[in-house]
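Colleague: My questions will all concern the structure given below.
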Amino acid sequence: MTVEAFAPAKINLTLHVTGQRADGYHLLDSLVIFADAGDRLTLAPSDGLSLTVTGPRAAGVPTDGRNLVLKAADLFPDGQGAAITLDKHLPAAAGIGGGSSDAAAALRGLSELWNRPLPDAQAVLSLGADVPVCLAPRAVRMRGVGEEILDGPRLPDRMGLLLVNPGLEVSTPAVFKALERKDNPPLPHPPGWSSAGAMAHWLAEQRNDLEPPARRLAPEIRQVLDAIAATEGCLLSRMSGSGATCFGIYETRAQAEAAARIIAPAAPHWWVQAASPYSAA
Ligand SMILES: C[C@@](CO)(OP(=O)(O)O)[C@H](O)COP(=O)(O)OP(=O)(O)OC[C@H]1O[C@@H](n2ccc(N)nc2=O)[C@H](O)[C@@H]1O
Ligand SMILES: Nc1ncnc2c1ncn2[C@@H]1O[C@H](COP(=O)(O)OP(=O)(O)O)[C@@H](O)[C@H]1O
């Protein structure tokens, strides 16, 4: 039996940093959605555990024990063998949780392949603050350092997404370190929306508190935000996570695809991807 597991891109529609724990980790209040663009894992029975990384974004991704997929496999106390192929489509260190989503997909896939329960919540969190939210991809509100997952608001039935990364890796710890204020206001109650326009209007009043420090470290983020905002039909452009990937919201996927066709040829070293929201549930 071979198991397939999809690792969708994570998007922080908002990312409010509301405090800091004694251990240095920051308290977040974030609306998280997923896109139907992502990495693909194939897991096949095997005597030993192995990982092969393929695909357009494989370069530079570790294939040894540093890869979060193998760290995820280590969390199963009585894990058996598996030959895992990770087909990499998402840029790494990009604020869209590529490694975290791969780890979560590996946990789901290995649990199915080995017929074993998922590791406990604390163990899952030890892989990274973003791994719990990636375990069951859907629209949620994420709080704590990432371990508190609440049902998200109703999303519009129709919406287009555009993801653009300028080809820079931005270090998450460096961005948190460059953050000036750590006690910013939390998110107001998200009401739910019947149109992408209404959602974007509400989101425009909210923030990604990591955007200013990330822009100081990587000024090209400004150009990415401007390029997205200038496309026809763009309702909102904002950075996701600690960057440098930025997203645009559109009424339709067709508009997001048209925007991708404008931006991609003008910036050949940027990663440009149109998408729709993805939900596993
Ligand atoms: C910022 C976020 C927002 O969703 O997204 P990305 O930019 O990674 O996509 C996440 O919180 C990132 O999660 P993840 O990348 O899994 O973080 P971890 O590996 O646990 O931590 C990397 C480093 O980020 C900082 N960190 C992370 C999460 C958090 N709540 N507070 C922090 O201060 C710490 O300096 C930590 O050493
Ligand atoms: N499966 C993986 N895919 C991508 N990067 C990985 C993976 N496993 C470990 N890494 C390491 O994790 C770092 C952060 O990658 P990623 O999780 O994509 O970043 P972010 O959390 O900022 O979105 C990379 O620089 C890479 O060295």
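Laboratory data are not the source of any read-out in this text; all were calculated from the coordinates shown. Note that this is a predicted model, so its numbers are computed, not measured. Note: ideal-geometry Cβ built from the backbone for every residue, glycine included; neighbour counts use all protein chains shown.
Colleague: Looking at (1) outside any helix (DSSP H, G or I); (2) of a type outside the set (D, E, K, R); (3) closer than 30 Å to residue 44 by Cα, which is the one condition that is false for residue 104?
Modeller: Result: residue 104 fails condition (1) only.
Colleague: Please list, ordered by first then second residue, the pairs with beta carbon atoms under 6 Å, 6 or more apart or interchain, first in region 47-71 and under 21 Å from residue 125 (Cβ atoms), second within 8 Å of ligand 2 (Cβ to nearest atom).
Modeller: Cβ pairs passing all conditions: 68/99; 68/102; 68/103; 69/86; 69/102.
Colleague: Could you check region 69-99 and list, in sequence order, the residues that are part of a helix (DSSP H, G or I) and either surrounded by 24 or more Cβ atoms within 10 Å (Cβ to Cβ) or more than 9 Å from ligand 2 (Cβ to nearest atom) (or both)? Outline the logic, then answer.
Modeller: First pass over region 69-99, keeping only residues part of a helix (DSSP H, G or I): 69-74, 98-99.
Hits for region 69-99 are 69, 72, 73, 74, 98, 99.
Colleague: If a residue counts only when it is more than 15 Å from residue 13 (Cα to Cα), which helices (runs of 4 or more DSSP H) contained entirely in region 159-237 have at least 2 such residues?
Modeller: Details: elements: 172-177, 196-204, 211-217, 220-229.
Answer list for region 159-237: 172-177, 211-217, 220-229.
Colleague: May I ask you to say which residue of 43, 15 is farther than 22 Å from residue 151 by Cβ, within 16 Å of ligand 2 (Cβ to nearest atom), crowded, with 19+ Cβ neighbours inside 10 Å and touching a residue at least 40 places away in the same chain (Cβ under 8 Å)?
Modeller: Numbers: 15 fails: farther than 22 Å from residue 151 by Cβ.
43 is the lone residue from the list that is farther than 22 Å from residue 151 by Cβ, within 16 Å of ligand 2 (Cβ to nearest atom), crowded, with 19+ Cβ neighbours inside 10 Å and touching a residue at least 40 places away in the same chain (Cβ under 8 Å).
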